[in-house]
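> First the structure, then my questions, so here it is.
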Amino acid sequence: MNTYGFCFGVLRPPDSRLPWGRPRTDNEETDITMEALQDLLTNLVPILQLLGILIGAYLVLIWAASVLWAYRDIRRRSEDVSVQVLAVSLVLLLPFAGIPLHLILRPPQTLAERYERELEQEYLRRDIEEKYVCPECQRPIEPDFILCPHCQTALRRHCDACHRVIDLTWSVCPYCGFDGTHASRQAPTIPATSYPALQRAEEVSRS
């Protein structure tokens, strides 16, 4: 019995048969499959070519960006021109493999970090070796300086009575008790015998 399918009012033969009702052979089925595959590959070739171009351009951009990054990174870490040329050439001639080598061989600290560390060490050394510094210019001074020899900042002053060096902020001399008035300069001195404790200490020392 010859059966036909009906679709949209058109008489259609079965897929496995030829239009006149004869079944297709295996060779004919293989040819049809191969033609379908060829049509599919023909349509995919332009898409694959476009994807290849995009991927290649992306890899080239990454390689160029890695070279630029290596140049900026080595400039931040070294002022030696030969080291800079070596680092950039390594990344330029070895795409993608030069970045790990650059990360291993580059100096561990940047120039700014090295400067900050040296500055901290200098301040620590100055704090250890130089106990007295000028509050204005931070240069070393002696403890009995009255004037900073570097910036001429007044550091201390002489007492008008005993001529000892005292601090600028002191209103009274701790050595003689002079506070800038005439009465304090003529203040009477109390003898040690007026204090019973001191008198008994002297008697014990004599005995």
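Readers should treat all values here as calculations from the given coordinates under stated rules, not as data from a laboratory. Quantities reported herein were computed from a predicted structural model and do not represent experimental measurements. A quick note on method: Cβ atoms are made from the backbone with ideal geometry, for glycine too, and the neighbour counts reach across all protein chains shown.
> How do Phe145, Phe96 rank when sorted from fewest to most other Cβ atoms within 10 Å of their own Cβ?
Phe96, Phe145
> Could you pull out the GluC sites (Glu not before Pro) across the stretch 62-141 that fall in loop regions by DSSP (anything but H, G, I, E, B) with no more than 15 other Cβ atoms inside 10 Å?
Glu79, Glu130, Glu136
> Quick one: net charge around Ser78, please, counting Lys, Arg +1 and Asp, Glu -1 for every other residue with C-beta under 15 Å from its C-beta.
Overall, the nearby charge balance is +2.
> Please state the charge dipole magnitude for the stretch 131-185, taken about the Cα centre, from unit charges on C-beta atoms (+1 on K and R, -1 on D and E), reported in debye and rounded to the nearest 20.
60
> Sorting Val88, Val165 on the 10 Å Cβ count, fewest up front, what's the list?
Neighbour counts put them in this order, fewest first: Val165, Val88.
> Can I ask one more? Amide H of Cys134 versus every other amide H placed in the peptide plane: which residues, excluding those fewer than 5 positions away on the same chain, fall under 5 Å?
It is Arg139, Ile141, by chain and number.
> For Leu37, Leu101, what ranking results if the residue with the fewest other Cβ atoms within 10 Å of its Cβ goes first?
Leu37, Leu101
> Quick check: from the Cα gyration tensor, does the stretch 131-185 come out rounded (a/c under 1.5), prolate or oblate?
Verdict is prolate for the stretch 131-185.
> Given a Förster distance of 41 Å, report the FRET efficiency between Ser82 and Thr153 from their Cβ-Cβ distance, rounded to the nearest 0.05.
0.30
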